[in-house]
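Inspection log for the structure reproduced underneath, given as structure tokens.
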Amino acid sequence: MTQLDLLWEYQAADTEADAMAHAIRQSPKRQKLLKLRDYIRDQQESLKTVESEVLAMSDRMEALKDAISLADDQLKALQKRIQDEPPTNSQEIAAYIAEAGQLSATLSDYDQEVRRVSKSASDRDRRQRDIKLRAIKTKEEFDQLRDEYDQEYKEKSEVLERLRALAEEKKKGIEPEYLARYTSIKQHSTPPMAKLVNGQCGGCNMGFPSSVLAAIRAGKQVECETCGRLIIG
């Protein structure tokens, strides 16, 4: 057998092994596992965000409680001043009314903010529970599917190992320069070799001039000028 014939047989074994490796990578179970993994990571990030927001709201509620307590104290102090120092004219009455109104407005603003923060905190608590429930359910699905895929991967890997071993056997007798050229072409064209079909490259259907056809039929090393594949007659 010529070097090209040996290389052609090696390509058949190499291609079969590559196809199995591709099938392992593109396994529906593996693809779904990757999606579930990414989803779990997204949920974990969402949970961290929600927990951070809840913590910030908790801090804000504490600050509001302190502010409300202070405003209440100020309002009580004002009431005591009015009792101890009753207004004697319209200006003092207006000043007391303005101060009381300002404190009441402040308390009203605080009360509204407390309601908003409480509602937001409640919404986030509910969202936090939903995220945890979805994450737990997804993790259970992930674990079950992973066990199934591990078994599938083990079986297919054993097949792949046998195919790779067979391909290695097919390398015997092939000169290093041919193997090197095959590997180089494989980087941009798969498979790296093509049959001569009706005077054309079986890979890209490019026609060859008669001189090139003669070289191919003579078993010389010829590469297609279009796709770069080694041509075998």
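Here are the numbers:
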read-out: Reachable lysines, given that their alpha-carbon falls under 27 Å from the alpha-carbon of residue 195 and they are not under 8 places away in the same chain; value: 170, 171, 172, 186, 220
read-out: Per residue accessible area of the chain, 1.4 Å probe, in Å²; value: 65 Å²
read-out: Under 15 Å from residue 137, Cα to Cα: aspartates and glutamates that are on another chain or at least 8 residues apart; value: 38, 42
read-out: Exposure of residue 161 as accessible area (Å², to 10), given a probe of 1.4 Å and all protein chains; value: 130 Å²
read-out: Solvent accessible area, Å² - residue 158, 1.4 Å probe, full protein context; value: 90 Å²
read-out: Fraction of accessible area attributable to carbon and sulfur, the chain (%, probe 1.4 Å); value: 51 percent
read-out: Long-range HN-HN contacts of residue 221 with modeled amide H, under 5 Å; value: none
read-out: Cα-centred dipole magnitude for the range 172-233, charges only on beta-carbon of K, R (+1) and D, E (-1), debye, nearest 20; value: 160 debye
read-out: Where 15, 226 fall by accessible area, highest first, once all protein chains stay in place (1.4 Å); value: 226, 15
read-out: Cα-centre dipole for the range 83-160 with unit charges at Cβ (Lys and Arg positive, Asp and Glu negative), debye to 20; value: 340 debye
read-out: Accessible-area value, residue 206, 1.4 Å probe, nucleic acids and ligands omitted, Å²; value: 90 Å²
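The values are calculated or read from the model by the stated rules, or taken from the named source; none is laboratory data. This is a predicted model, so every value here is computed, not measured. Virtual Cβ from ideal backbone geometry, glycine too; neighbours counted across all protein chains shown. All accessible areas refer to the heavy atoms of the entire protein, side chains included, with ligands and DNA or RNA removed. Shrake-Rupley method; radii C 1.70, N 1.55, O 1.52, S 1.80 Å.
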